[in-house]
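Asks: Would you mind keeping the following structure in view while I ask a few things?
The values are calculated or read from the model by the stated rules, or taken from the named source; none is laboratory data. Predicted model only: the values in this text are computed from it and were never measured. Glycine gets a Cβ as well: all are built from the backbone with ideal geometry, and neighbour counts include every protein chain shown.
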């Protein structure tokens with residue numbers, strides 16, 4: 001059970017340890033093969049905060065492109081779009097013809113408590129759809145993906161896109177449907193942390209993220225802040241989970257996949273043998289294989 005707690009909170013510490021790798025990866029973006037350019041610090045909310053911006057990776061190929069909204073992790077309180085796993089995914093997908101909008105969002109302690117960070121992500125998605133023509137994006141082929149807490153936000157963004165939950169005032173009339181969602185080692189059920197002892201550090205940090213929401217929804221707040229609470233409205237879903245993840249236990253992804261299947265929603269669960277938490281941050285055969293599986297899945301979904 002303690003492993004579940006660590007899952008939701010301390011992934012951010014791992015990202016801090018890899019910060020130097022992230023900076024080096026970000027510096028290498030420009031000349032990456034088959035990427036035309038990276039437009040940086042684009043605001044997705046007019047008059048918004050510096051955190052409400054993204055980098056747009058533009059493919060070299062001509063014509064309209066499928067697109068991906070990419071969301072970084074970091075325990076909801078750390079991390080940036082420069083994190084190494086995020087940069088890796090953005091570069092490779094752009095090289096394969098996808099237009100990638102990799103975003104920052106408000107973090108816990110800086111106005112990003114739930115659901116504000118989720119609304120940021122939905123605003124970024126709305127910005128992509130609103131400017132699809134100018135950006136040469138195929139509006140029917142927009143995906144959303146993320147790692148760790150970013151995977152959680154990707155799932156929440158996709159599963160609440162068509163509903164009235166967490167509406168944006170910035171883009172009230174923009175349709176937010178996405179083709180599919182891809183989540184790497186994502187926490188999917190905040191009730192696991194909420195069931196721990198109050199003196200537990202992880203309990204305190206998770207509740208810092210959802211505190212305002214729980215004040216308004218004391219009975220079902222944790223469930224209504226969890227992707228597993230929205231499976232009835234799910235889009236096609238690809239879940240990646242490392243079998244050696246000591247932060248998000250593999251059983252959590254299996255439970256989520258089972259919940260989706262129970263309501264007859266398309267889901268594919270990839271158990272990455274030997275993968276620990278944040279395995280996309282580090283060069284390895286499993287990272288390359290996972291990226292290939294992600295690309296194959298997205299290409300297959302575009303046929304539907």
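Asks: In region 217-231, how many are outside any helix (DSSP H, G or I), within 18 Å of the chain's Cα centre (by Cα) and surrounded by fewer than 21 Cβ atoms within 10 Å (Cβ to Cβ)?
Replies: Residues flagged as outside any helix (DSSP H, G or I), within 18 Å of the chain's Cα centre (by Cα) and surrounded by fewer than 21 Cβ atoms within 10 Å (Cβ to Cβ) within region 217-231 amount to 0.
Asks: Just need a number here: residues in region 51-76 that are touching a residue at least 60 places away in the same chain (Cβ under 8 Å), in contact with a strand residue (DSSP E or B) (Cβ under 7 Å, 6 or more places away or on another chain) and over 25 Å from residue 299 (Cα atoms).
Replies: Matching residues across region 51-76 total 1.
Yes/no per residue for (1) under 16 Å from residue 182 (Cα atoms); (2) assigned to a strand (DSSP E or B); (3) out of contact with any strand residue (DSSP E or B) (no Cβ under 6 Å at 6 or more places or on another chain):
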site	(1), (2), (3)
49	no, no, yes
78	no, no, yes
97	no, no, no
122	yes, no, yes
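Asks: Also, I was wondering about something else. Looking only at region 133-167, count how many residues are part of a loop (DSSP other than H, G, I, E, B) and farther than 19 Å from residue 229 by Cα.
Replies: Here the count works out to 1.
Asks: Among (1) surrounded by 19 or more Cβ atoms within 10 Å (Cβ to Cβ); (2) at pLDDT 95 or above; (3) closer than 15 Å to residue 185 by Cβ, where does residue 235 come up short?
Replies: Residue 235 satisfies all of (1) surrounded by 19 or more Cβ atoms within 10 Å (Cβ to Cβ); (2) at pLDDT 95 or above; (3) closer than 15 Å to residue 185 by Cβ except (3).
Asks: What about residue 265, is it surrounded by 14 or more Cβ atoms within 10 Å (Cβ to Cβ) and in contact with a helix residue (DSSP H, G or I) (Cβ under 8 Å, 6 or more places away or on another chain)?
Replies: yes
Asks: Right, residue 290: under 19 Å from the mean Cα position of the chain (by Cα), surrounded by fewer than 17 Cβ atoms within 10 Å (Cβ to Cβ) and in a helix (DSSP H, G or I) or not?
Replies: The answer is no for residue 290.
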